[in-house]
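Undergrad: Below is the structure I would like to discuss, written out as structure tokens.
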Amino acid sequence: MDIDRPTDLDAALAALAGSPDATLLAGGTDLMVEINFGHRRPEHIIALRRVEELKELNGTIGSGVSWARLERGPHRGLAQAARTVGSPQIRAAGTIGGNLATASPAGDGLPFLAAVDASVELRSATGSRRLRWDEFLTGPKQNALTQGELIHSIVLPDEMPTRQEFGKVGVRNAMVISAVMACVVRFEDGRTRVAVGSAGPTTLRMRSAEDLISDEANPSETALSEFQRLVSEEVRPITDHRSTEAYRRHAAGVVARRLLERCLV
């Protein structure tokens with residue numbers, strides 16, 4: 001196995017241009033599990049941990065920013081999500097860029113990115129391009145990266161919602177892949193966005209539920225119940241080893257409603 005250890009972005013992009021099929025390694029919290037279980041045998045790895053340009057956390061979020069930093073960050077919904085990721089050791093190593101690249105429907109950071117309509121900045125030796133979150137996430141564990149590209153950063157919109165809440169449910173309170181998770185955000189003018197994970201082939205936005213509740217300055221009990229019903233109706237869950245389709249559908253509505261109620265306080 002060949003390993004490149006670039007120390008800046010230009011060197012990383014040059015290494016990737018020279019070996020477009022190379023496997024990119026950031027925190028390794030997903031990749032190393034696959035290697036240890038014999039599911040992957042990469043011949044060439046480009047390790048990104050020393051590339052400081054990927055660790056910037058200002059107006060954008062670098063792909064190399066760890067969950068440990070995000071849980072102390074300025075974005076409430078993302079910080080809440082970060083605190084639920086694995087153990088302290090996993091949060092210290094794992095990165096949000098790895099979460100995006102893995103593109104799992106159960107990726108903990110993805111509902112927040114979907115709820116705020118974040119974009120993904122991709123770089124290669126020949127240029128850059130920016131994709132909206134739903135253009136980047138193309139299917140279960142599938143994304144729009146092409147050969148020679150890496151995830152540079154996540155770009156948040158200029159206008160961010162003032163109220164943000166994230167929550168998830170699973171078989172235990174910690175160290176768990178969620179059965180269902182959601183992020184609800186609400187602007188001062190009432191605009192509300194809802195994103196649900198682990199309940200479809202990718203992270204999903206609940207458009208009908210959003211339209212309904214965004215028109216309600218002070219949602220009534222009837223409106224909250226209808227919001228919950230619409231979320232349960234819009235998700236596209238499956239039955240697998242972590243949960244049943246019926247439970248995921250029910251839980252999505254319950255979790256989303258609870259998060260909305262927190263936003264309304």
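The values are calculated or read from the model by the stated rules, or taken from the named source; none is laboratory data. Note that the structure is predicted; figures quoted are calculated from it, not measured. Cβ atoms come from the backbone with ideal geometry, glycine included; neighbour counts cover every protein chain shown.
Undergrad: Working only within region 29-48, note down all residues that are within 23 Å of residue 10 (Cβ to Cβ) and surrounded by fewer than 17 Cβ atoms within 10 Å (Cβ to Cβ).
TA: 44
Undergrad: Which residues, counting only those in region 50-86, are farther than 27 Å from residue 168 by Cα, under 21 Å from the mean Cα position of the chain (by Cα) and crowded, with 18+ Cβ neighbours inside 10 Å?
TA: Within region 50-86, 54 is the sole residue that qualifies.
Undergrad: For region 15-40, enumerate the residues that are out of contact with any Leu (no Cβ under 9 Å at 6 or more places or on another chain) and more than 24 Å from residue 177 (Cβ to Cβ).
TA: 15, 17, 18, 19, 20, 21
Undergrad: Of the residues that sit in region 144-190 and are aliphatic (A, V, I, L, M), in the same structural domain as residue 258 (by TED's automatic domain parsing) and over 14 Å from residue 113 (Cα atoms), which one is modelled with the lowest pLDDT?
TA: Checked region 144-190; the qualifying residue modelled with the lowest pLDDT is 174.
Undergrad: Would you check which residues across region 220-265 are over 15 Å from residue 185 (Cβ atoms) and assigned to a loop (DSSP other than H, G, I, E, B) and list them?
TA: Listed by number, the residues that qualify are 220, 235, 236, 237, 238, 239, 240, 241, 242, 243, 244.
Undergrad: Please go through region 140-160 and give me each residue that is over 21 Å from residue 125 (Cβ atoms), acidic (Asp, Glu) and either crowded, with 20+ Cβ neighbours inside 10 Å or touching a His at 6+ places or on another chain (Cβ under 9 Å) (or both), ordered by number.
TA: Scanning region 140-160 gives no hits.
Undergrad: Which of the residues belonging to region 188-210 are crowded, with 24+ Cβ neighbours inside 10 Å and among the small types (Gly, Ala, Ser)?
TA: Selection gives 195, 197, 198, 199, 209.
Undergrad: Report every pair of residues separated by at least 6 positions or lying on different chains whose Cβ atoms are under 7 Å apart, first residue within region 201-216 and among the hydrophobic types (A, V, I, L, M, F, W, C), second modelled with pLDDT of 95 or more and part of a loop (DSSP other than H, G, I, E, B).
TA: 204/235; 204/236; 213/219
Undergrad: Checking residue 137 against (1) touching a residue at least 12 places away in the same chain (Cβ under 8 Å); (2) farther than 20 Å from residue 69 by Cβ; (3) surrounded by fewer than 23 Cβ atoms within 10 Å (Cβ to Cβ), which single condition isn't satisfied?
TA: (3)
Undergrad: Scan region 22-40 for residues that are of a type in the set (Ser, Thr, Tyr) and in a strand (DSSP E or B) and jot them down.
TA: From region 22-40, those of a type in the set (Ser, Thr, Tyr) are 23, 29; that's our starting set.
Scanning region 22-40 gives a single hit, 23.
Undergrad: Give me the residue from region 72-94 that is assigned to a helix (DSSP H, G or I), without any contact (Cβ under 8 Å) to a residue 24 or more places away in the chain and not small (Gly, Ala, Ser) and, out of that set, farthest from residue 183 (Cα to Cα).
TA: Among those residues, the one meeting the criterion is 89.
Undergrad: Next up: Do any helices (runs of 4 or more DSSP H) entirely within region 95-164 hold 3 or more residues that are touching a Cys at 6+ places or on another chain (Cβ under 6 Å), and if so, which?
TA: Working: elements: 96-102, 110-115, 133-136.
Result: 110-115.
Undergrad: From 226, 210, 216, which residue is within 20 Å of the chain's Cα centre (by Cα) and more than 21 Å from residue 106 (Cα to Cα)? I'd like the intermediate steps shown before the answer.
TA: Details: 226 fails: within 20 Å of the chain's Cα centre (by Cα); 216 fails: within 20 Å of the chain's Cα centre (by Cα).
Just one listed residue meets the conditions, 210.
Undergrad: While we're here: Among the residues of region 203-217, is there at least one that is among the acidic types (Asp, Glu), part of a helix (DSSP H, G or I) and out of contact with any strand residue (DSSP E or B) (no Cβ under 7 Å at 6 or more places or on another chain)?
TA: Initial filter on region 203-217 (among the acidic types (Asp, Glu)): 210-211, 215-216.
Within this subset, residues satisfying the condition of being part of a helix (DSSP H, G or I) are 210-211.
Cutting the leftovers down to out of contact with any strand residue (DSSP E or B) (no Cβ under 7 Å at 6 or more places or on another chain) gives us 211.
Yes, region 203-217 has at least one match.
Undergrad: Condition check: under 27 Å from residue 111 (Cβ atoms), outside the structural domain of residue 186 (by TED's automatic domain parsing) and small (Gly, Ala, Ser). Does residue 17 satisfy that?
TA: Spelling it out, it is not the case that residue 17 is under 27 Å from residue 111 (Cβ atoms), outside the structural domain of residue 186 (by TED's automatic domain parsing) and small (Gly, Ala, Ser).
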